[in-house]
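The values are calculated or read from the model by the stated rules, or taken from the named source; none is laboratory data. Note that this is a predicted model, so its numbers are computed, not measured. No Cβ is skipped: glycine too gets one built from the backbone with ideal geometry, and neighbour counts run over all protein chains shown.
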Amino acid sequence: MANGKLHAAVGGTVGGGFAYITAVQQPPPQVVLEIIGGCFGGVVGAKAPDWVDPPTSPNHRGIGHGAIPVSVVAKWYLDNLQSWQTECRVMAEDHARYRNQSQTDLERMWHGFLEMMFRLFAGFLAGLPAGYLSHIGLDVLTPKCLPVIC
């Protein structure tokens, strides 16, 4: 039976993998940052169903584990993911340009930090649903399975 540690491990792995798939066209250093962000997003996503439906009993599965609500939200999220990641990448490129134009070390560090954070967040956005769906996938394999709605 899946527990929190297994959900986190699988979610982080799947999140990093999905972030790689969505970032493969980026330059290698940027891909690495997106994979790292995807791993974090995957861990958060893998824990999220149990935040929606806290595991207070073996029958804790409700709307956060429901096949129909999860499918609807997942479709909406994945339909928007590319545009969200594009926006993060544009913001990262803006900060890379600002970093190169900066006059002080503090400004360069600040814009470099923001560039890195936007690249990590682009990966995080990919990892989050992958981790969530990995949790749902693991729970399908348990005796309680999943509810259709809640």
**Request:** Considering each of Gly62, Gly41 in turn, give the residue that is closer than 23 Å to Leu146 by Cβ, in contact (Cβ under 8 Å) with a residue 12 or more places away in the chain and surrounded by fewer than 17 Cβ atoms within 10 Å (Cβ to Cβ).
**Result:** Gly62
**Item:** Thr56, sole failed condition from (1) at pLDDT below 95; (2) among the β-branched types (Val, Ile, Thr); (3) under 16 Å from Ile136 (Cβ atoms)
**Value:** (3)
**Which listed residue is in a loop (DSSP other than H, G, I, E, B) and not hydroxyl-bearing (Ser, Thr, Tyr), from Pro54, Pro69, Pro29** = Pro54
**Prompt:** Which pairs have Cβ atoms under 7 Å, sit 6 or more apart or on different chains, and link a residue in the stretch 81-100 that is farther than 14 Å from Phe121 by Cβ to one that is at pLDDT 95 or above and assigned to a helix (DSSP H, G or I)?
**Reply:** Ala96/Glu115; Tyr98/His111; Arg99/Arg108; Arg99/His111; Arg99/Gly112; Arg99/Glu115
**Message:** Looking only at the stretch 79-125, how many residues end up being of a type outside the set (D, E, K, R), in a helix (DSSP H, G or I) and surrounded by fewer than 14 Cβ atoms within 10 Å (Cβ to Cβ)?
**Reply:** 10
**Asked** Restricting the search to the stretch 44-59, which residues are surrounded by fewer than 21 Cβ atoms within 10 Å (Cβ to Cβ) and touching a residue at least 60 places away in the same chain (Cβ under 8 Å)?
**Response** Val44, Lys47, Ala48, Asp50, Pro58, Asn59
**Request:** Would you point out which residue out of Leu146, Leu138 is outside any loop (DSSP other than H, G, I, E, B), surrounded by 15 or more Cβ atoms within 10 Å (Cβ to Cβ) and in contact (Cβ under 8 Å) with a residue 12 or more places away in the chain?
**Result:** Leu138
**Request:** Inspect all residues belonging to the stretch 78-90 and state whether any of them is over 23 Å from Gln25 (Cβ atoms) and not small (Gly, Ala, Ser).
**Result:** no
**Prompt:** Name the pairs whose Cβ atoms lie under 8 Å apart, with the first residue in the stretch 2-18 and touching a residue at least 60 places away in the same chain (Cβ under 8 Å), the second charged (D, E, K, R) and in a helix (DSSP H, G or I), and 6 or more positions between them or separate chains?
**Reply:** Ala2/Asp139; His7/Lys47; His7/Asp50; Gly11/Lys47
